[in-house]
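Read-outs: derived from the displayed coordinates by stated rules, not from any lab. What you are looking at is a predicted structure, and each value in this text was computed from that prediction instead of being measured. We place every Cβ from the backbone using ideal geometry, glycine too, and count neighbours over all the protein chains shown.
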Amino acid sequence: LNYSLDIYENSSWYINTISAVSKRMPFYNIECGHFIANRSYYTEREGHDGYLLFFTLSGSGYLKYKDEDYILEPDHAVIIHCPEYHLYKTNQEPWDFKWVYFNGTSADNFFNLLYGDTISPINIVQAVDFEKKLDSLSVFFHLHDLTSVFQTSAIMSDIFSTIVENKISIANNKEYLKHKHEIEKVINFIHLNYQNKLSLDDLTKIA
């Protein structure tokens with residue numbers, strides 16, 4: 001572990017006390033925080049258990065994971081598996097981001113469902129709602145009753161579902177975005193000429 005914790009004073013960091021019951025849940029949170037990071041902020045690490053979720057609010061971060069480079073832009077979320085080597089640092093300062101360090105009995109399956117072999121930052125369309133879900137997690141770091149354990153797991157499941165839904169949405173469909181202009185031309189033509197006989201050749205010429 002190498003790091004430089006160069007963050008603003010108004011940054012927040014919550015650390016949870018993990019119970020035996022928590023470890024039996026589909027998800028449990030170990031730490032979470034809201035960092036506003038200066039230029040020299042970074043963490044370099046490997047062999048760390050669990051998963052780490054980043055959600056950028058403003059500025060941008062740089063992530064190196066499995067020999068791949070990523071820029072963590074505003075309204076984008078990404079999750080990494082911490083045993084793998086990873087380096088993350090400020091790219092454009094201040095890097096304002098929220099993060100959750102978590103694990104659970106379902107964490108492996110959800111991570112593999114979300115990514116497979118290659119991760120990618122995912123654009124969250126309803127960013128404000130997603131941020132509220134992350135904020136709600138910190139409330140339960142001060143509580144250690146059974147209800148809070150179940151609620152935390154449920155919120156994390158909701159967060160994962162939101163990321164999966166956004167991954168398969170048009171906003172994250174690279175093939176759609178690559179041909180967006182041509183697709184919209186064809187759709188507009190169909191709207192204007194739906195009452196006429198249309199052929200694939202007509203639509204192909206437009207695209």
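Points to keep in mind about this one:
- Candidates 196, 109, 166, ranked by Gaussian network fluctuation over the chain, Cα under 10 Å, top entry: 196
- Mean separation of Cα contacts under 8 Å (6+ apart) over length of the chain, as relative contact order %: 21 percent
- For segment 1-108: relative contact order, % (alpha-carbon pairs under 8 angstrom, 6 or more apart): 36 percent
- Straight-line reach from residue 197: taking Cα to Cα under 21 Å and skipping same-chain neighbours fewer than 8 places apart, the lysines in range are 185, 205.
- Once the trypsin sites (Lys or Arg not before Pro) in DSSP loops with at most 15 neighbouring Cβ atoms within 10 Å are cut out of the chain, the longest remaining piece is 67-196.
- Taking the average, over residues, of other Cβ atoms within 10 Å as the packing measure, peptides 26-34, 8-16 rank 26-34, 8-16 from highest down.
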